[in-house]
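What follows is a single structure, written as structure tokens, with notes after it.
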Amino acid sequence: MDEKILKKLQQRVDRRSFLRGSGLAAAALAGVTAFPFIASAQDPAKPEEAKKEEQKEEKKEAKKDEKAEEKNNDKKEEGKDAKKEPDPFKVTKKDEQGRDYRLCPQCGYNMYKQDRTWTCENCGYSYTE
């Protein structure tokens, strides 16, 4: 009796039909999860008054941004007048053996120069002068 039921199930569910069914189920799940995003992406047409108000707000924001940029530029110019500190990663030092080295900007370990290339011993970071 069990053998008859098992053979019927095998006839109805072979590998191809199982994969087809599971593929359809996965597509249906993906469609259901994506539907709310698609539906919310469509905005109804806005009245002209709302469009005009948005344009006014955008102009105000643009003016504010311009003023902020001007202030930043003034601060940058003041900062240029201040004394310039050298970049700690560009300062060349000497180690115990007399070789030139710099600090690696990635890991902080020693970088040594080979021809025109500075290479970190620890992480392998390198750049060319």
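The values are calculated or read from the model by the stated rules, or taken from the named source; none is laboratory data. Being a predicted model, the structure only gives us computed values, none of them experimental. Quick reminder, even Gly has a Cβ in these numbers, built from the backbone with ideal geometry, and neighbours come from all protein chains shown.
Anything in the range 90-126 that is surrounded by fewer than 14 Cβ atoms within 10 Å (Cβ to Cβ) and among the aromatic types (Phe, Trp, Tyr)? List them, or say none. Listed by number, the list holds a single entry, Tyr109.
Has the range 84-94 got any residue that is in contact with a Leu (Cβ under 8 Å, 6 or more places away or on another chain), outside any loop (DSSP other than H, G, I, E, B) and modelled with pLDDT of 85 or more? No - not one qualifying residue is present in the range 84-94.
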